[in-house]
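One structure below.
Rule-based calculations on the coordinates, nothing more; no lab input. Quick caveat, the model's predicted, so the values are computed rather than measured. Cβ atoms come from the backbone with ideal geometry, glycine included; neighbour counts cover every protein chain shown.
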Ligand SMILES: Cc1cc2nc3c(=O)[nH]c(=O)nc-3n(C[C@H](O)[C@H](O)[C@H](O)COP(=O)(O)OP(=O)(O)OC[C@H]3O[C@@H](n4cnc5c(N)ncnc54)[C@H](O)[C@@H]3O)c2cc1C
């Protein structure tokens, strides 16, 4: 049997191991940290990625740790509603859209790998530092100072580099890819424990990108404290901050941002209090890497953030990694020569994902808030229809969903524009 090594046990590496296992392989994972802990804050799992989780046989476990997305609503910086649409099954997709804590998702996958492949399928505290490849296989080198019982050298038939945004595997294969692309925006990523708001599964997009910056809010865990409160994730994008490190774990306070949304008056949420009451807050520069010209190099390929580090604002990084995981496993199972299998995996995935890397640099549907800001002169309005008609918003959203590979299901030939106008739009007025 093909001896497959996966470098990195993040969500993508673990999902890859599970997909390979479904195809009859027994991959081994090497992970740099000595202990896998539930780090990070929220991730948005789109219907196409919930499909992947379901196919892994993990939907029930996933549903238990996540919150179903019901609606997505856009507001000005004053808290005036611009547009709303439903999410997931409520929109007519076959699968839910769900919000989850990134660390809890990783722990769920970690547990599944241990149960299905065995506890010895993952070596922790074993950081890959480089490799040499020849015709018959790959020799990997490791730094094992966190786990002296781990090996310092391993031989494998093939290697999948799933070692994240700062990938050592990518760095050796494509040294020029280490250059990062900084948007000039800094993300403050926080979580607050608070009572459920609106539908209990609402994602809010607030603020005007010119005057204030952007705030995205969504719940990631129900009944967090056994008193009915949710763990709510929020992300604030701010302009003109110095570039910080490309590191997900830079803790920060909320002093600099606690008053940015004081003008925002919502009758169901005290935005400033939510920010002030944060349990945790992290800085992350809105950075990506240019789309890669190649993923597969003989017996080595890249997957997940190592292959396509993109701005997290589109909510596609982990979702796309789950698709990568399925495709690489399918190709290795179908094509006898692993070098050809890796090429076929890259052919199916790279161009599509590279398009998303570039598309994520744009505003996507968030552009609606900029349009309203410009047309209203940054002032409150009386009637949104006079500034930004609903049909115009619909056409922007339809185009975005279709381009991101999630054509709105109700948008079949006989459906008329406006037919699926959100029932939630006026709910809070
Ligand atoms: C600590 C952390 C917190 C995050 N928080 C968020 C968040 O809040 N929101 C969000 O949208 N995204 C977050 N991300 C990124 C998100 O997990 C990824 O965008 C997505 O899940 C794809 O996962 P990945 O497995 O490709 O990358 P990652 O999740 O980055 O996982 C890569 C794994 O590889 C390991 N690794 C790295 N280098 C080596 C090496 N040389 N040898 C062996 N192992 C190595 C890392 O320790 C990590 O476990 C976070 C990532 C990390 C690492």
Cα gyration tensor of the stretch 1-130, axes a ≥ b ≥ c as square roots of the eigenvalues: rounded (a/c below 1.5), prolate (a/b > b/c) or oblate?
-> prolate
Helix 367-376 sits off the longest principal axis of the Cα atoms of the chain, rounded to the nearest 10 on a 0 to 90 degree scale, by 20 degrees
In terms of the Cα gyration tensor, with a ≥ b ≥ c the square roots of its eigenvalues, is the stretch 156-199 rounded because a/c is under 1.5, prolate because a/b exceeds b/c, or oblate?
-> oblate
Tilt relative to the chain, helix 11-22 - C-alpha long axis, 0 to 90 degrees, to 10 = 60 degrees
Taking the mean number of other Cβ atoms within 10 Å as a proxy for protection, how do you rank 296-307, 112-123 from highest to lowest?
-> 296-307, 112-123
Take the alpha-carbon centre of the stretch 23-56, take the same for the stretch 393-407, and report the distance between them in whole Å.
-> 27 Å
Overall dimensions of the chain by Cα: Rg and Dmax, Å = 22.0, 70
Mind jotting down the distance between the C-alpha centroids of the stretch 215-266 and the stretch 138-162, whole Å?
-> 37 Å
Return one number: the angle in degrees, 0 to 90 and rounded to the nearest 10, between the long axis of the Cα atoms of helix 390-403 and the longest principal axis of the Cα atoms of the chain.
-> 0 degrees
First check a/c for the stretch 161-235, with a ≥ b ≥ c the square roots of the eigenvalues of its C-alpha gyration tensor; if it is under 1.5, answer rounded, and if not, answer prolate when a/b is larger than b/c or oblate otherwise.
-> oblate
Expressed in nanometres to one decimal, the distance between label points 7 Å along Cα→Cβ at residue 223 and residue 248 is 2.8 nm
